[in-house]
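The values are calculated or read from the model by the stated rules, or taken from the named source; none is laboratory data. If you're wondering where the values come from, they're calculated on a predicted model, not measured in any experiment. Quick reminder, even Gly has a Cβ in these numbers, built from the backbone with ideal geometry, and neighbours come from all protein chains shown. With ligands, DNA and RNA removed, areas are computed over all heavy atoms of the protein, side chains included. Shrake-Rupley method; radii C 1.70, N 1.55, O 1.52, S 1.80 Å.
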Amino acid sequence: VILNRLGSDTHEAMIREALDKINIPVFGALRRDDSLHLPERHLGLVPVEENRERELIGHLGEVIAQRIDLKKLSALAESAGPLPSGAPLQLNECRYKCRIGVARDEAFSFYYPASLKVLRRLGAEIVTFSPLHDEQVPEVDGLLIGGGFPEMFAARLTANASMRQDIYRLAQLGLPILAECGGYMYMMESLTDFEGRSHAMVGALPGHTEMTAKLQMVGYVEAELTEDSLLGSRGEKLRGHEFHFSKEQVPVEAEQAAFTFRKLRNNAEYPAGKRFKNVLGSYLHLHFAGCPKAAEKFVSRCAAYRQKRGRVDGKI
């Protein structure tokens, strides 16, 4: 083990003695130190896209080098056997050709790298864009707008009217757009921040969200599609998770809902998410390596849009 947040030499000696009696080796010990505190907010640590605490990271490295036996730690790691590999992911690799724009900046940064890798393996080219800094969407065949902290940058997202209008225009044209959590909030009509200020968002999906002091949901859910959409056919079930402090000002009604969510913790069911043309949004975070069929459905929709666009404007 590595001991952490110790208060004194006596504190450290006492714990080392107790662990030695049960033959648990100690690889190092760190003291309580406010200078090592990483900034955080309501969903956890401030993401790397915003975090500029480079000096703190350097200082943390120096402390660890002094207080942790890195040679012993490395030797322990090298002594581990190989992890068992799971069943290979079954994908129609490179079957589809399309470009998917992924929103990535300070406001939108919650993505699993392995999840994006699945999209690439299916044939999608991933291009990033910024709803905060760019004036318009790059030439793409679909969009993925993931989670993040739109509430912390709501005024700047509103101020970038050209981007909001461009995404709205593309939604009206039928561009496939998958919006998760923070992306879902961005695709709705408005977002009310922690101070009660309302900010205009894209408006492609009906409804308004507002931030709350209380955590609204954290946990795993099963999501059943109520209709055919970007992720599959009606009745198909996906598994993902929710984690948010925001809520919709008017709860989603069953006849509007794109999904029926079931909490895996207690089996509670509730309608969730919305769809407009090829826009699908909800608080659901997905990992495409865990639902490859949904990933393939999304990429195939983007490829189909590419073909349609090519027939209309004469280029692919």
Considering only residues that are of a type in the set (D, E) and either in contact with a helix residue (DSSP H, G or I) (Cβ under 7 Å, 6 or more places away or on another chain) or under 27 Å from L89 (Cα atoms) (or both), which ones fall in the stretch 236-287?
E236, E242
Look through L30, L6, L36 and report the one residue that is under 29 Å from F245 (Cα atoms), open to solvent by less than 60 Å² (accessible area, probe 1.4 Å) and in contact (Cβ under 8 Å) with a residue 12 or more places away in the chain.
L36
Return the total of residues in the stretch 244-275 being under 20 Å from E180 (Cβ atoms), in a loop (DSSP other than H, G, I, E, B) and either among the small types (G, A, S) or open to solvent by less than 50 Å² (accessible area, probe 1.4 Å) (or both).
5
Breaking point among (1) touching a residue at least 40 places away in the same chain (Cβ under 8 Å); (2) more than 18 Å from I167 (Cα to Cα); (3) assigned to a loop (DSSP other than H, G, I, E, B), for P82:
(1)
Restricting attention to the stretch 95-110, and to residues there that are open to solvent by less than 10 Å² (accessible area, probe 1.4 Å) and in contact with a helix residue (DSSP H, G or I) (Cβ under 8 Å, 6 or more places away or on another chain), which single residue is farthest from L175 (Cα to Cα)?
A107
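Pick from L231, L238: which is farther than 18 Å from G183 by Cα, at pLDDT 95 or above, within 22 Å of the chain's Cα centre (by Cα) and crowded, with 18+ Cβ neighbours inside 10 Å? Can you show your working first?
Values: L231 fails: farther than 18 Å from G183 by Cα.
Testing whether each residue is farther than 18 Å from G183 by Cα, at pLDDT 95 or above, within 22 Å of the chain's Cα centre (by Cα) and crowded, with 18+ Cβ neighbours inside 10 Å leaves just L238.
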So L119, is it farther than 26 Å from F245 by Cα and of a type in the set (A, V, I, L, M, F, W, C):
yes
Name every residue in the stretch 68-92 that is farther than 18 Å from S115 by Cα and in contact with a helix residue (DSSP H, G or I) (Cβ under 9 Å, 6 or more places away or on another chain), in order of residue number.
L70
